[in-house]
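Right, one structure below, let's go through it.
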Amino acid sequence: MEASVILPILKKKLAFLSGGKDRRSGLILTIPLCLEQTSMDELSVTLDYLLSIPSEKCKARGFTVIVDGRKSQWNVVKTVVLMLQNVVPAEVSLVCVVKPDEFWDKKVTHFCFWKEKDRLGFEVILVSANKLTRYIEPCQLTEDFGGSLTYDHMDWLNKRLVFEKFTKESTSLLDELTLINNGSDKGNQQEKERSVDLNFLPSVDPETVLQTGHELLSELQQRRFNGSDGGVSWSPMDDELLAQPQVMKLLDSLREQYTRYQEVCRQRSKRTQLEEIQQKVMQVVNWLEGPGSEQLRAQWGIGDSIRASQALQQKHEEIESQHSEWFAVYVELNQQIAALLNAGDEEDLVELKSLQQQLSDVCYRQASQLEFRQNLLQAALEFHGVAQDLSQQLDGLLGMLCVDVAPADGASIQQTLKLLEEKLKSVDVGLQGLREKGQGLLDQISNQASWAYGKDVTIENKENVDHIQGVMEDMQLRKQRCEDMVDVRRLKMLQMVQLFKCEEDAAQAVEWLSELLDALLKTHTRLGDDAQETKVLLEKHRKFVDVAQSTYDYGRQLLQATVVLCQSLRCTSRSSGDTLPRLNRVWKQFTIASEERVHRLEMAIAFHSNAEKILQDCPEEPETVNDEEQFDEIEAVGKSLLDRLTVPVVYPDGTEQYFGSPSDMASTAEHIRDRMKLVSLKRQQMRHPEMVSTES
């Protein structure tokens, strides 16, 4: 019988075991009667339940029953006492009927319980509450009878409900755990799997039941050893009521079975996890070696352009994306396998390591193939990129070579030639880079057979190799054609540079010659103060003329060279219609001015030489000195020279040009006149010598 079934009856507290004991260590059963009519059936049920709690050993010591009739009628008390004969005749050793004060004295004579002892099977005594301690120690009596024993019926009932619930659940759980554990130990693999499906999970949570049991045991132990108000408080569920030891026993059994159950669960979970890992490993391996490898085998080309290579790269990225999902599963599986390996179960180590090795081999091999393919496509993309850049450079160079050169001057030709050389050098660098990229790509293609899984890739590789070699050969031929055209263009441009240089130098020769003419007219004005100085000036003038002659000859040679270069370049020299006439015109002007300068210097030499002879006293040649003709000649030369100084140089085109400034000419003329005066004075002296003596 369970307390939960008769809970409403037990709450009425028709009877209770307070935990107190009589002097014979028998349990005290208290039946508190009240003013209301007590249901004998309910009381009988209550007594049956209470008497089912103690052990047989405890029952053998007998019960002391306290019937509290202070609030009840005598006939009810009598009925209860007689009922005890049928309910617990063997267990009752003494019945103490607590009577009300001065109420039942007359009733006793009508029914003496002590006379009925043999028939009842137990002794019945009537006693007042204050005299109950004659039979029972005060510490074993509740406060209702003047004792010190604390008893809370609802608390006891609640604990009893908890105890019975724990007992029921723990017993049921023990049976389930024992069945599961025994089935796991004895059954084969198929039985284990069936037991997993049917009985693997207990009906209640073992952790909850154990927690309830520990709390209950803690409560029982606390109630047993903690006193109330300094006294001793005895629990109605102590050792003699089998509550505490029964709870401890159940807890021990539960812990043992639950530990075994946890191990069974761990083993089955590990086995299940191992089977799931094995299944997932095979899924990864089968996909990588099947569809994954087939995708890679189908991708062998490298493309024939940047766009084609980029399209293949995009396709490869899609393949990598699919593989990455399976690689993520591989990482997760590898972590799970590593965790199981760290657990150190010897029986699974070999299988786990085998799975791990198989999975790693396949994944690493597939990852290497993906990386190889990616590197190959990247190399192909770089190769086609370099080829495209080189092709554009060659197109630009060819376009530059196909345009006719019409520069304005030599500097622009030099700049164009420099640009041409830079473009050719850039083409050389680009071609070298293309060869390096192509060779690297060919080396990678030669290694493609290492991951072909038996697939013959010779044909595919040959197409790729032919394409790469064809691109490099085509670029080499285009570069060679451009080089040939560059050589021709370079020669032509160098000739043009030389042509411009000749034209510039010829123009410079004209300028120099013009400067010499200008210097001749503006600075070469002195005629000398004496014959010696004039001769020096004449010698310098001749050297000056030689320089001008060299300049003129240099200009003529340059102009002749321009004619030859123009014939070679099949063009018309700009200098042929401009520079040559200018050169000839300036040279003609210089020649006329130079001749005039020579005439004047020669006349000045003659003038100074004759004047110096006359002015010097030379007694050895008196007839010469005194020759009147000499004086006339000197005078005539001087006048002629003065006249010539006033006459300008007239060029063939009719233009006129004077030597020096008017002041320069005036100074020169003044010097000549002074010399002529000296000569005239000398002449007078020679004619009239007496004048000289008188003056002396």
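Pairwise Cα distances in the stretch 251-375 exceed 20 Å in 56 percent of cases. Take VAL650: with every protein chain present and a 1.4 Å probe, its accessible area is about 80 Å². Sorting ARG478, ARG23, ARG365 on solvent-accessible area from highest to lowest, probe radius 1.4 Å, gives ARG23, ARG365, ARG478. Computed with a 1.4 Å probe on the full set of protein chains, the accessible area for LEU51 sits at about 20 Å². Over all projection directions, the Cα-based convex hull of the stretch 314-389 averages an area of 5.7 nm². Taking a straight Cα-Cα cut-off under 30 Å and skipping sequence neighbours fewer than 8 places away in the same chain, the lysines within cross-link reach of LYS492 are LYS418, LYS423, LYS425, LYS479, LYS501. Cross-linked pairs LYS540/LYS613; LYS588/LYS677; LYS315/LYS353: Cα-Cα separations exceed 32 Å for LYS588/LYS677; LYS315/LYS353.
Cross-link partners of LYS57 among lysines, defined as those whose alpha carbon lies under 28 angstrom from its own and excluding same-chain residues fewer than eight positions apart: LYS11, LYS13, LYS21, LYS117, LYS159, LYS165, LYS168, LYS249.
From the convex hull of the Cα coordinates of the stretch 353-397, what is the mean projected area in square nanometres?
With the hull built on Cα positions only, its mean projection is 2.5 nm².
The values are calculated or read from the model by the stated rules, or taken from the named source; none is laboratory data. As the structure is a computational prediction, the values presented were derived from the model and not from experiment. Note: accessible area is taken over every heavy atom of the protein model, side chains too, but ligands, DNA and RNA are not part of it. Shrake-Rupley method; radii C 1.70, N 1.55, O 1.52, S 1.80 Å.
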